[in-house]
1. Excluding residues on the same chain fewer than 8 positions from residue 310, give the lysines whose Cα lies under 16 Å from its Cα.
2. Solvent-accessible area of residue 373, probe 1.4 Å, all protein chains present, reported in Å² to the nearest ten, please.
3. Assuming R0 = 25 Å, what is the FRET efficiency of residue 313 and residue 235, from their Cβ-Cβ distance, to the nearest 0.05?
4. Can you pull out the trypsin sites (Lys or Arg not before Pro) in the stretch 63-153 that DSSP calls coil and that have at most 15 other Cβ atoms within 10 Å?
5. Which of 305, 94, 413 moves most in a GNM of the chain, Cα contacts under 10 Å?
6. Would you list 135, 78, 381 from the most to the least accessible area, probe 1.4 Å?
7. Where in the chain is the longest stretch that carries no GluC sites (Glu not before Pro) classed as loop by DSSP and with at most 15 other Cβ atoms within 10 Å?
8. With both partners inside the chain, how many of the DSSP beta bridges are antiparallel, as a percent to the nearest 5?
Amino acid sequence: MVRVSGAGARAIAESILGGVPAPRSATLADFRAAAGEPIDRGIALFFPAPHSYTGEDVLELQAHGGPFVMQQLLARCVEGGARIAEPGEFTRRAFLNDRIDLAQAESVADLIDAASVEAARSAARSLAGEFSRRVHALAEGILDLRMHVEACIDFPEEEIDPADRAEMERKRRALSADLDALLAHARQGAVLREGLTVVLAGAPNVGKSSILNRLAGDEVAIVTPVAGTTRDYVRATIAVEGVPIHLIDTAGLRETDDPVERIGVERAWRAIETAGAALLIESAVDEGAPGDFGLSRLPEGLPRARVVNKIDLAGPASGGRASGAELRVSAKTGEGMEALRSWLLKAAGWEPHGEGLFMARERHVRALEETRTHLAQAAVVTQAFDLMAEELRLAHAALGQITGEVAADDVLAAIFSRFCIGK
Ligand SMILES: Nc1nc2c(ncn2[C@@H]2O[C@H](COP(=O)(O)OP(=O)(O)OP(=O)(O)O)[C@@H](O)[C@H]2O)c(=O)[nH]1
Ligand SMILES: [Mg+2]
């Protein structure tokens, strides 16, 4: 499909189709070259402004596809005065023409990228404006409180009615509670969108690659009885209850003279340093000997789990041995994998919330946190109305970043440049 948006769309329709199709109805038409010979026959749609995705005149030409036909159609549009769109430009225009707000525009991209049913559902909810509505309601509440506070600035302290003061405090508390609820939902939405990167680390041959394959349900990494099989790192993304978990299998950590393996081990350490969590794998065959791979090099505060693999080999006798390991699994039989998946979900920060999640981004979470900081600050300075009013103004402005009321040009550029062309 070729989509054209802007004031020149009518003229382009006339030139390619020989006329402007009836508004919003599918019209079978010949698409013609400049000399009049047909390029293709397809469906043409015309959406007059302002009732279109972008809010401008929009022409859509659905051809049979194929790179040559598409190129000719694009060339005809460009002859007619159009230019090739930048990534996300249609959605950007929709935003600039007030058809949608910024949070909705972002959810278009999230919907396109959604890798699971849950992610798609929550992106659709944001696109429908549910997230924006909650943000707006909060912004209005803050504005209302700010007016109330500002009305008091010019009065001496003793002239403020205590009932009035109590009412302001009640409003502020209610706003804080709403904000906390929204933040919790947004955090979960961000987890659903970004997921968690987890590195599988441990000595050679303990079964890291086998665990990766078992979790991915596919032979992603090579498995052999040879210690030092994995040299480069192997990635696989799995979805656990819709949450993307990006697994990185690494070379077994050991001192080695093999130059290739040594590079692999260095890469493994780099993966560990940038991961969001680590699974430290051991083998039940020589349990309790985590090897000499230098656990002390693990970044402090990195969420980690000790995982004992190959429990099928250890026999029931050793099963109860107090090893301090969180998880006991067998990549061979699949035992313990459910518990491992649950651990991954928990490490990602996922809490089953049921309905009502929004596909939020880090950007949204940060803005909500900023709002919370200012709202909390407003509570500290209740004795000085001018300071309180200023904190409320800042809280309001922070919320405005989400819907795009106060977004700077570079923020917009960053957001829309991540779209694909034609959206
Ligand atoms: N019995 C049994 N064997 C396993 C299990 N997991 C892995 N193995 C075997 O252990 C050997 C090593 O497995 P890998 O998955 O290649 O181990 P690795 O930790 O990735 O090894 P490197 O890449 O060399 O660091 C292979 O022969 C696997 O078949 C398990 O749970 N039970
Ligand atoms: Mg391996």
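The values are calculated or read from the model by the stated rules, or taken from the named source; none is laboratory data. Note that the coordinates shown come from a computational prediction; the quantities given were computed from them, not determined experimentally. Because the Cβ atoms are built from the backbone with ideal geometry, glycine has one as well, and the counts that use them run over all protein chains shown. Each accessible area value is taken on the protein alone, full model and side chains, heavy atoms only, with ligands, DNA and RNA left out. Shrake-Rupley method; radii C 1.70, N 1.55, O 1.52, S 1.80 Å.
1. The reachable lysines, counting only those whose Cα sits under 16 Å from residue 310, are 208, 332.
2. 80
3. Numbers: r = 28 Å, r/R0 = 1.11.
With a Förster radius of 25 Å, E is 0.35.
4. Numbers: sites: 76, 83, 92, 93, 99, 121, 125, 133, 134, 146; in loops: 83, 99.
Here the sparse-neighbourhood loop sites are 83.
5. It is 413.
6. Descending accessible area places them as 78, 381, 135.
7. Values: sites that count: 219, 241, 255, 300, 326, 335, 355, 405.
Between exposed loop sites, the widest span is 1-218.
8. Of those bridges, close to 55 percent are antiparallel.
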